[in-house]
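The values are calculated or read from the model by the stated rules, or taken from the named source; none is laboratory data. Just so it is clear, the structure is predicted and the values come from calculations on it, not from any experiment. Every residue, glycine among them, receives a Cβ derived from its backbone with ideal geometry; neighbour counts consider all protein chains shown. Note: areas computed on protein heavy atoms with side chains; ligands, DNA, RNA excluded. Shrake-Rupley method; radii C 1.70, N 1.55, O 1.52, S 1.80 Å.
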Amino acid sequence: MTLHPPTRRRRMVIALVGAFAVVLAVVIGITRPWNTPAETTPIAAGQDGAAERPRVLVFGDSWTYGSAATEPTLGYAYLLADLIEGETVVAGVPGSGYQRPGRNGPAYGERVAALDATIAPDLVIMQGSINDRREDAAGYRAAVTAVWDQLVAVFPDVPVVVLGPAPHELPVGASTARIDRDLADLAAARNWWYISPVQDEWITDRNYLDVIDVGAGRKHPSNAGHEYLAEKVAEALAGLADAPVTAADGPEESPVE
């Protein structure tokens, strides 16, 4: 197998994900899905300027916004910051998707175009969205492609992790499963990492009522559910250190070491 020399962007991805892995190896020694994180060693600066405290832009829908948590800042995207010993910049709009505008904001494309490039994240997490499940399936992939092209235009040198939709009800609906497959295929075509709560069965019959508030929360994560999701996202990020490198500057067959 031929190993390609790492580009600057690929080295940045390796350093960032490797830093996450060092911290999260301690944090994710859990016996229950929402234990209090253990004390961890601060992330050391990586090669090519990986931040001592990485800044992660988390972009998405109501789940990213923190809906159904008693305070939005108790949502998974905010809680993720402590787990990675870094900073999260949270951009969530309830009801929004790649095709569907939100209740108090536009669809993903217009929202991405309005992002401030000076945020300068070390990583972008693109989350969701089940909100597109009733939209035109035939136009979905084109809509996602346009949004991701815009994202790359705003943050041309920033690695991206796509976080697929998580089921709000069980069994997983056919449209949610279709969205998950489409996003997985499109992410693979760009050599971006993809995290699938559906395929990895983050929410099952065993934990559904522990994670999802089916009452006032209208099938959004509860406080405990957001804590669980934050830890699952953190665990998935740590797992990327052992996954094939999929930086957008080109495919690489060898795993991160």
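Worth pointing out:
- Prolate/oblate/rounded label for segment 144-185 (Cα gyration tensor, a/c 1.5): prolate
- On full extension, the segment bounded by Ala142 and Glu87 gains 16.6 nm, given 0.36 nm per residue less the C-alpha separation.
- In order along segment 188-195, the phi-based Karplus estimate (6.51 cos²θ - 1.76 cosθ + 1.60, θ = phi - 60°) of 3J(HN,Hα) comes to 4, 5, 9, 6, 9, 5, 10, 10 Hz; Gly and Pro are listed as x.
- Of the residues Thr70, Thr88, the one with the largest accessible area comes first in the ranking Thr70, Thr88, computed with a 1.4 Å probe on protein heavy atoms.
- Pairwise FRET efficiency - Asn191 versus Asp116, Cβ, R0 = 30 Å, nearest 0.05: 0.70
- With θ taken as phi - 60° and the Karplus curve 6.51 cos²θ - 1.76 cosθ + 1.60 applied, the whole-hertz 3J(HN,Hα) list for segment 196-205 is 10, x, 6, 5, 8, 6, 5, 10, 10, 4 Hz, x standing for glycine and proline.
- The largest accessible area among Lys232, Lys219 belongs to the first residue in Lys219, Lys232, and the rest follow in falling order (1.4 Å probe, all chains).
- Here the 3J(HN,Hα) profile of segment 60-76, calculated from phi with Karplus coefficients 6.51, -1.76 and 1.60 at θ = phi - 60°, is x, 10, 5, 5, 5, 4, x, 4, 6, 6, 4, 9, x, 6, 9, x, 4 Hz, Gly and Pro shown as x.
- Taking all protein chains together and a 1.4 Å probe, the residues Asp157, Asp116 rank Asp157, Asp116 from largest to smallest accessible area.
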